[in-house]
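One structure is given below, encoded as structure tokens.
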Amino acid sequence: MVVESVIQEFRKTKQLADRAIAQLSDDQLHARLDAEANSVAMLMAHMAGNMRSRWTDFLTTDGEKPWRTRDAEFEPPPLPRADLVAAWEAGWQVLFDTLASLTDDDLARPVTIRGEAQSALAAILRQVSHYGGHAHQIVLLAKHLTGPAWTVLSIPRGQSAAYTAATKAASGA
């Protein structure tokens, strides 16, 4: 039950980021607000690299794999959109495949990230927070970059009461 709840939260996080990314042109995907800022493409590359590293052999090897080049994830990626999205999807697939293989009994098992031992549950929650933070960065950047063309991902401003009323009516409450 816990693992299923975690999977649902990761799916919501991915959907939020995907819906924001879909609103960006290729140029906007790679745009940076300043020299120190990350672009959406850089965040996607970072998250994809992190997911492949953390979730590959999750229960048996350190989550920071020797083959990962974390610093390169924050360099402007020369990848075209299709390759970037493919890496993004592959990272998420590793995460979802690994979580699908876990049971709630696995959550107490010890795992290691950068040499730090913790429970599998603690490591999973760490990633829920990490990916949620970056997904919201992606949303903020996409909203900024698209300006008036932005399509709201949740309840539009000033429409909470109408949303609540429509939800109640749809549920028969």
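Read-outs: derived from the displayed coordinates by stated rules, not from any lab. In this text the structure is predicted, and so the values were computed from the model without any measurement. Every residue, glycine as well, gets a Cβ built from its backbone with ideal geometry; the counts of neighbours run over all protein chains shown.
Over the chain, what is the relative contact order in percent, taking alpha-carbon pairs closer than 8 angstrom and at least six residues apart? Display every interim value, and only then the final one.
Working: 173 pairs, mean separation 53.5, N = 173.
31 percent.
For the chain, set up a Gaussian network in which alpha carbons nearer than 10 Å are linked by springs, and say which option among TRP67, TRP92, TRP150 fluctuates the most.
TRP67
Among [x] 16.9; [y] 20.3; [z] 17.6, only one was calculated for this model; which label is it, if the read-out is Kirkwood radius over Cα pairs in Å?
Calculated Kirkwood radius over Cα pairs in Å: the matching label is [z].
With n ≥ 4 as the cut-off for DSSP H runs, can you work out [θ] at 222 nm for the chain, using -39500 (n - 2.57) per run divided by the number of residues, rounded to the nearest 500? It would help to have the intermediate numbers written out before the result.
Working: 6 runs with 101 residues, N = 173.
It lands at -19500 deg cm²/dmol.
Fewest Cβ neighbours within 10 Å first, please rank MET44, MET1 accordingly. Please list the in-between numbers first.
Values: MET44 25, MET1 6.
Fewest-to-most ranking of MET44, MET1: MET1, MET44.
What does the charge add up to near ASN38, with Lys and Arg as +1, Asp and Glu as -1, over the other residues with Cβ less than 14 Å from its Cβ?
Net charge in that neighbourhood comes out at -3.
Considering only ALA120, ALA41, ALA135, give the residue with the highest GNM mean-square fluctuation for the chain, with springs between Cα atoms whenever their separation is below 10 Å.
Result: ALA120 has the largest fluctuation of those listed.
Cα centroids of the stretch 1-28 and the stretch 144-158: how far apart, whole angstrom?
One Cα centre to the other: 17 Å.
The chain: longest stretch without exposed trypsin sites (Lys or Arg not before Pro) (DSSP loop, at most 13 other Cβ within 10 Å), sites themselves excluded? Can you show the working numbers first?
Details: sites that count: ARG114, ARG157.
Segment 1-113 is the longest.
To make sure I understand the rule: partners must be aspartates and glutamates, Cα under 14 Å from the Cα of LYS12, and not fewer than 8 residues away in the same chain. Which ones qualify?
Here the aspartates and glutamates satisfying the reach criterion relative to LYS12 are GLU4.
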